[in-house]
1. With respect to T23, determine if the residue is surrounded by 10 or more Cβ atoms within 10 Å (Cβ to Cβ), farther than 28 Å from P88 by Cβ and of a type in the set (S, T, Y).
2. Restricting attention to segment 37-89, report how many residues are assigned to a loop (DSSP other than H, G, I, E, B) and out of contact with any strand residue (DSSP E or B) (no Cβ under 9 Å at 6 or more places or on another chain).
3. If you scan segment 255-270, which residues turn out to be surrounded by 17 or more Cβ atoms within 10 Å (Cβ to Cβ), modelled with pLDDT of 90 or more and not small (G, A, S)?
4. L64 - would you say it is in contact with a Pro (Cβ under 8 Å, 6 or more places away or on another chain), within 13 Å of E42 (Cα to Cα) and surrounded by 13 or more Cβ atoms within 10 Å (Cβ to Cβ)?
5. In segment 255-281, which residues are part of a loop (DSSP other than H, G, I, E, B), more than 15 Å from the chain's Cα centre (by Cα) and within 24 Å of H177 (Cβ to Cβ)?
6. Do the conditions hold for R277, that is, is it touching a helix residue (DSSP H, G or I) at 6+ places or on another chain (Cβ under 9 Å), of a type outside the set (A, V, I, L, M, F, W, C) and closer than 28 Å to C61 by Cβ?
7. Return the residue satisfying two criteria in turn: it lies in segment 90-142 and is among the charged types (D, E, K, R) and in a helix (DSSP H, G or I), and of such residues it is farthest from the chain's Cα centre (by Cα).
8. For segment 129-143, which positions are exposed (fewer than 11 other Cβ atoms within 10 Å of the Cβ) and either in contact (Cβ under 8 Å) with a residue 24 or more places away in the chain or basic (K, R) (or both)?
Amino acid sequence: MTSALAIEADQIAAIREFNRFYTARLGLLRKRHLDGDFSLTEARILYEIGSSPGLTARALCSTLQLDPGYISRTLATLATRKLIRQAPSKQDGRERLLKLSASGQITMAKLNRQSESQIRQLLSSIAPADRGALVQSLVQARAILSPKNEPPIQILRVTEASQAVLQLLQEYYEAVHVVQRDNPQKIQAILQARASGLWVATLAGKAVGCVVLRELPYIPHAAECKRLYVQPQARGRGIAEKLMDSLEDLAHSQGVEFIYLDSYGDLKTAIALYRKRGYEECERYNDNPQATIFLRKGISKPVSK
């Protein structure tokens, strides 16, 4: 027993020692994050809202594991500084959807540049081989520290435009302010087309995300990815990746050679995901007035393991 207690004490001491090291090394002890005008919490909240327009305060509390009162006060401060905007949710009048203002977007872009510069400077003193080892160690540490008893995630291809599916799509439309929206009849037509489909992600039995694949009849052997969405409280679990895996597998099985998609600059997290999966810039292929970014990916093999 003494030996076990001694080992545990050594482990606690080692973790505390590392905490002291990295908080100082990354400048987390400074009063202002990156020596700027914001605390670390304020900067992180701006990042979360910028990455997921339409986020709610409740989702922020869950993601950052912070007290609702503290989140509320911080949001009020950011709103007073005209960095964020809050609008009532049409799905739940008690919730307010958060979005960066134009000034907030400029501020967030500056913070991102400062953070990247700080990390680049940190990496410049590390040998290339050690950089890889460092990143792998951080990935492993995150995996070990992540909750092990998370509720199960399921990806289901649906065959009917049920009320639950339509409600999830409506939530997506509101979150990203979609102008060109599909009515139930159009959704049902997509579900019945050969190289088209709609997938819903469920977490502990509750629908939390979706994605749509539809044929592009005016481009040979092509389909389009649309409506990729994961509710804010369900993010960080790889659900978007799983949805895209299912979509690309169907496309491959139906002989699709290219998947196209469009987006716009505010959806930085989604765009980063697409680029990570091999989607590359292409010419405009549709008349979507909101779209500013057009990507496509060649499909050569199924992606699911």
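The values are calculated or read from the model by the stated rules, or taken from the named source; none is laboratory data. Remember, it's a predicted structure, so these values are computed and weren't measured experimentally. Cβ sites come from the backbone with ideal geometry, for glycine too, and all protein chains shown count toward neighbours.
1. Working: surrounded by 10 or more Cβ atoms within 10 Å (Cβ to Cβ): yes; farther than 28 Å from P88 by Cβ: yes; of a type in the set (S, T, Y): yes.
Yes; evaluated as a whole, the condition is true for this residue.
2. Taking segment 37-89 first, the residues assigned to a loop (DSSP other than H, G, I, E, B) are 37-39, 52-54, 65-67, 81-83, 89.
Cutting the leftovers down to out of contact with any strand residue (DSSP E or B) (no Cβ under 9 Å at 6 or more places or on another chain) gives us 37-39, 65-67, 81-82.
Going through segment 37-89 one residue at a time, the tally reaches 8.
3. Scanning segment 255-270 gives V256, F258, I259, Y260, L261, D262.
4. On the way: in contact with a Pro (Cβ under 8 Å, 6 or more places away or on another chain): no; within 13 Å of E42 (Cα to Cα): yes; surrounded by 13 or more Cβ atoms within 10 Å (Cβ to Cβ): yes.
For L64, the condition - in contact with a Pro (Cβ under 8 Å, 6 or more places away or on another chain), within 13 Å of E42 (Cα to Cα) and surrounded by 13 or more Cβ atoms within 10 Å (Cβ to Cβ) - is not met.
5. Passing the criteria: only Y279.
6. Considered against the rule, which asks whether it is touching a helix residue (DSSP H, G or I) at 6+ places or on another chain (Cβ under 9 Å), of a type outside the set (A, V, I, L, M, F, W, C) and closer than 28 Å to C61 by Cβ, R277 comes out as no.
7. D130
8. Scanning segment 129-143 gives a single hit, R142.
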